[in-house]
Amino acid sequence: MKADFLGLTFAQLSGLLLGIFGLVLPFLLPLGTLSFAGQLGLGILLLAAAFWIFEPIPIFATSMLVIFLQVFLLSAQSPVFSEAELPVTEPVDMSHSSWQIPASALKDDQTILVSVGPGETKSIHVSITERNGQHAIVKSDELRADHPVITQPNHRLVNYDPSSYTAFTGTLAHGIIILFLGGFMLAGASVKYNLDKNLTRYLLAPFGSKPRFILLGIILVTAVLSAFMSNTATAAMMVTVIIPIIAQLDPKDQFKYGLALAIPIAANIGGIATPIGTPPNAIAIGALQGQGIDITFTEWMIVAVPIVLIMLFISWVLLQFFFPPKIDRFKLQLDGKLNLEPKAIGLYIIFAATVILWITEEFHGIPSNMIAFIPVATLVAGGILTKEDVKKIPWDVLWLMAGGLSLGVSMQATGLAAWLIGGVDWASLGYVALILSFALVAVAMSNFLSNTVTATLIMPLVIGLYLSGTMGDNFSLIIVGVVIAVSCSLAMALPISTPPNAIAMSTGFIRTKDMAKVGLTVGFIGIIMILIMSIAYWPFVTP
Amino acid sequence: MESSDIYIICIEDEAEVLDAVVRDLEKLEATFPIDTATSAEEGRDLVNKLLDDGKKIGLIVCDHILPGDNGVELLIELHKDEKTMPAKKVLLTGQAGLDDTVKALNEAKLHHYIAKPWSKEELNEVAVNLLTDFVLENEPNVLPFMNVLDAERLSEAIRSGKTLSNE
C-alpha cells in the first residue's frame with residue numbers, strides 16, 4: 001500500500017510520525033523519578049524504536065540519527081548541557097543535627113537531594129523545624145557539612161553527568177566494531193578471491209552422494225562459513241551451490257524444500273558461533289565490555305559452539321523428517337580449484353594467522369579486537385584489497401552497530417534503563433522464568449525486526465535489570481548477554497526475519513508455510529536449548 | 001510474485017510474428033509486463049507513455065523492417081535518450097544487411113541480434129540474460145527477480161556485496 005506522501009508506505013509514514021511524536025512524548029507525561037536527561041534519552045529511544053520498526057528511513061540511517069541526537073542533546077558540549085552547572089550549596093551547621101538550607105531545596109515529600117559524586121545524588125529525609133523566607137531550618141542525622149545540598153531538585157543536571165560527545169561518536173571505533181571491520185575485510189577478500197566458494201567444494205566432497213549426508217554437509221559448511229563471514233553473503237553463495245543440485249531432483253521430490261531451507265537455517269545458527277559471526281554478538285559483547293567484562297574470542301566460542309552444534313544437528317533431523325528425500329543418491333558437481341595467485345595465497349596466510357591468533361588469546365594475551373587490525377592493515381598494505389574493495393565493505397552495518405552501542409551508553413548513563421525496568425519485582429519470577437522471558441521476547445521481536453535492532457533494544461534493558469540487583473544472585477551478566485544474542489539469531493520463521501531467509505525464499509524453491517513450519521520449530525526448540533544451557537552448561541564455563 | 005514496474009516492449013508490424021514473440025515470452029510476463037507496438041512511431045509513443053507513468057523499460061525487442069522509421073533508427077534514438085539508455089535492446093530480423101547491423105551495434109549499443117526464425121528457448125534465454133543484466137545494473141534489491149531470472153548470477157551479486165537489508 002503506497003501513500004502519496006514522500007513515496008512512503010502507510011506503515012512507514014505512521015512510523016515517521018510515531019517516531020517524531022515519541023521524541024517529545026516524555027516531556028508531555030509526568031514520569032516521576034526519571035531525570036531530565038532520562039526524558040531526553042527516552043525520547044531518543046522511542047524515536048529510534050519507531051524508525052527501526054517501521055523503517056521510514058533505512059535502519060543504518062536511524063543509527064546515525066541516534067548518534068546525532070545524543071551528541072546534540074545529551075553530551076556535555078550540547079546546547080542543553082554546555083552552560084549548565086549543578087546549583088549546590090553547603091548546609092550551615094546550626095548544631096544539634098540542625099541545619100540551615102535554602103528553602104528551594106526542600107521537595108514536597110520533605111526530602112532533599114545531596115550530591116555524592118558526579119551524576120549521583122542521595123535523597124535524605126529531613127524534618128522541618130522552621131521556615132523563614134528563603135531559608136529553612138531542618139533536622140537530620142544524615143546530613144553533613146561536606147554534603148553539598150542541591151538547591152533546585154528539578155535541575156536538568158540532577159542525576160546526570162553528561163559525557164563528552166566523543167563518548168557517542170566514539171562507538172564507531174569501539175573495539176568490537178574494529179573486530180567486525182577485521183572480519184568484514186577477511187570476508188570481502190575471501191569473496192574476491194573465491195576462497196569461500198572453493199573451500200565449499202573441498203569441504204563438501206567428503207559427504208559423498210547420499211542425500212541426507214549431502215544435506216548434513218551443506219548445513220555444516222554453511223554454518224562454518226557464516227561463523228566468519230556475514231550470514232547474508234554465505235547464504236547467497238550457498239544458493240549458487242544448491243541450484244545445480246536441485247536441478248537434478250524430480251520436481252515433486254520434497255527434498256528440495258529441505259535443501260533450500262537448510263541454507264538460511266544454518267547461516268542464521270552458524271553466525272552465533274564466533275564474536276564476528278553476526279552483529280547481535282557484537283551488541284552483547286560491547287554491552288558487557290561497557291560493564292568491564294571482557295570476553296575473549298575463545299571464551300565466546302566455548303559458550304556458543306555447543307548450542308550451535310546441537311541446533312544444527314536438530315535442524316538436520318527436522319529437515320529430513322519434514323522433507324524426506326525420494327532420490328537415493330546424486331552426483332555433486334564439484335569443480336573449481338583453489339586460486340593460487342600470490343595475492344590469494346597472501347590472503348590465506350593472513351586469514352589463517354588471524355584466526356589462529358584469535359583463538360589463542362589465552363596464550364599470548366593480545367585482545368582479539370587488536371588482532372583484528374592485522375587483517376585490516378595487511379590486506380590493504382599488501383594490495384590484496386584495493387580502495388574499491390574497501391569501499392564495498394558494509395560500512396552501513398558498522399554504523400548500525402555503533403548506533404546501537406551508543407544508545408546503550410546513554411540508556412545506562414541517564415538512568416533510563418533502570419527507570420524502564422523499575423517497579424517490577426523481577427526476582428520473584430525466578431531464574432528459569434526470567435531467562436525464558438528474555439529468550440521469548442527476543443525471539444518474538446527478532447522474527448519481525450532486524451536481529452541487530454532487537455539486540456540493541458533489549459540488551460540495555462537487560463543490563464540495567466542486572467545492575468539494579470533485582471534479579472537475584474543466581475545471575476551472571478555474561479549468561480544474560482549470551483541469552484539475548486543467541487535468541488536474536490534463532491528467529492527464522494518468516495521471509496522477513498533475516499536476509500538469509502529472504503534470499504532462500506526468493507529462489508522460489510520453498511513456500512512460506514514450509515519456512516514458517518521449520519522456523520517456528522527451530523525457534524521453539526532453540527528456546528528450550530537456551531534454558532537447558534543456562535542451567536546446565538553456561539554457569540560452569542563463565543566466570 | 002507480483003509484477004514489477006519494469007516493462008518489456010515488443011515492436012513488430014506483422015501481427016502473427018508479434019503474437020509469436022509475446023507468446024514465447026509469456027513466462028516472464030507475470031514479472032515483467034509486456035506491451036506491444038506495430039510501428040516505430042507507435043513504439044516511441046508507448047515508451048513515452050510508460051515513462052510518464054513512472055514505469056521503467058527493461059527490454060526492447062524490435063523488428064528491423066517497420067513502416068516509417070526502421071528498427072535500427074528507433075533503437076539508436078532510444079539509446080540516445082537518457083531514460084531509455086539502460087534498457088536492453090534486441091534486434092529481431094530476417095534480412096538486415098551488414099551495414100544496418102554494424103550501425104545498430106555501434107550506435108544503439110545493441111545487446112543482441114536474433115535472426116528469424118528463432119526458437120522459443122533462444123528468445124527466452126536472451127531475454128532472461130538481458131533482464132538479469134538490467135536488474136543488476138538498475139535495481140537496488142534483486143531478490144524479487146530471483147525465481148524468474150538467473151538466480152545464480154543474482155545470488156553471486158549479493159555474495160559480493162550487492163546491498164541487502166541488514167542482519
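The values are calculated or read from the model by the stated rules, or taken from the named source; none is laboratory data. Bear in mind the structure is a predicted one, so any value in this text is a computation, not a measurement. Please note: Cβ atoms are built from the backbone with ideal geometry, for glycine as well, and neighbour counts cover all protein chains shown. Ligands, DNA and RNA are excluded from the accessible area calculation, which covers all protein heavy atoms including side chains. Shrake-Rupley method; radii C 1.70, N 1.55, O 1.52, S 1.80 Å.
Counting residues that are open to solvent by less than 60 Å² (accessible area, probe 1.4 Å), which helices (runs of 4 or more DSSP H) fully inside the range A:356-447 reach at least 3?
So the answer is A:368-371, A:373-381, A:395-413, A:416-421.
Assess whether A:Ile246 counts as being open to solvent by less than 10 Å² (accessible area, probe 1.4 Å) and either facing another protein chain (nearest Cβ under 9 Å) or farther than 17 Å from A:Pro499 by Cβ (or both). It is false that A:Ile246 is open to solvent by less than 10 Å² (accessible area, probe 1.4 Å) and either facing another protein chain (nearest Cβ under 9 Å) or farther than 17 Å from A:Pro499 by Cβ (or both). Would it be correct to say that A:Ser163 is in contact (Cβ under 8 Å) with a residue 60 or more places away in the chain and either surrounded by 17 or more Cβ atoms within 10 Å (Cβ to Cβ) or in a loop (DSSP other than H, G, I, E, B) (or both)? Judged against the criteria, A:Ser163 is a match. The residues on offer are A:Ile269, A:Ile265, A:Ile307, A:Ile314, and the sole one that is in a helix (DSSP H, G or I), out of contact with any strand residue (DSSP E or B) (no Cβ under 6 Å at 6 or more places or on another chain), under 17 Å from A:Phe524 (Cα atoms) and within 14 Å of another protein chain (Cβ to nearest Cβ) is A:Ile269. Residues that are open to solvent by less than 20 Å² (accessible area, probe 1.4 Å) and outside any helix (DSSP H, G or I) within the range A:272-294 comprise A:Ile272, A:Ala273, A:Thr274, A:Pro275, A:Ile276, A:Gly277, A:Thr278, listed in sequence order. Taking A:Leu34 as meeting all but one of (1) outside the structural domain of A:Glu120 (by TED's automatic domain parsing); (2) open to solvent by 70 Å² or more (accessible area, probe 1.4 Å), write down the number of the exception. Unmet for A:Leu34, out of (1) outside the structural domain of A:Glu120 (by TED's automatic domain parsing); (2) open to solvent by 70 Å² or more (accessible area, probe 1.4 Å): (2). Among the residues of the range A:60-78, those identified as in a helix (DSSP H, G or I), aliphatic (A, V, I, L, M) and in contact with a Gly (Cβ under 9 Å, 6 or more places away or on another chain) are A:Met64, A:Leu65, A:Val66, A:Ile67, A:Leu69, A:Leu73. Identify, from the list B:Ile65, B:Ile60, the residue that is at pLDDT below 90 and within 23 Å of B:Gly97 (Cα to Cα). Only one candidate qualifies: B:Ile65.
Entry remark, the range A:146-174: residues being modelled with pLDDT of 90 or more and out of contact with any Gly (no Cβ under 8 Å at 6 or more places or on another chain) number 9 in total.
The range A:451-507 holds helices (runs of 4 or more DSSP H) entirely within its bounds, and those carrying 2 or more residues that are open to solvent by 10 Å² or more (accessible area, probe 1.4 Å), within 14 Å of another protein chain (Cβ to nearest Cβ) and among the small types (Gly, Ala, Ser) map to A:499-506.
Of the helices (runs of 4 or more DSSP H) lying entirely inside the range B:88-167, those carrying at least 1 residues that are open to solvent by less than 50 Å² (accessible area, probe 1.4 Å) and within 14 Å of chain A (Cβ to nearest Cβ) are B:120-138, B:151-159.
Within the range A:120-139, work out how many residues are among the small types (Gly, Ala, Ser), touching a Ser or Thr at 6+ places or on another chain (Cβ under 9 Å) and over 12 Å from A:Pro153 (Cβ atoms).
Here is the first cut: in the range A:120-139, the ones among the small types (Gly, Ala, Ser) are A:123, A:127, A:133, A:136.
Of the ones still in play, those that are also touching a Ser or Thr at 6+ places or on another chain (Cβ under 9 Å) are A:123, A:127, A:136.
Next, only the ones that are over 12 Å from A:Pro153 (Cβ atoms) stay: A:127, A:136.
Looking only at that region, the number is 2.
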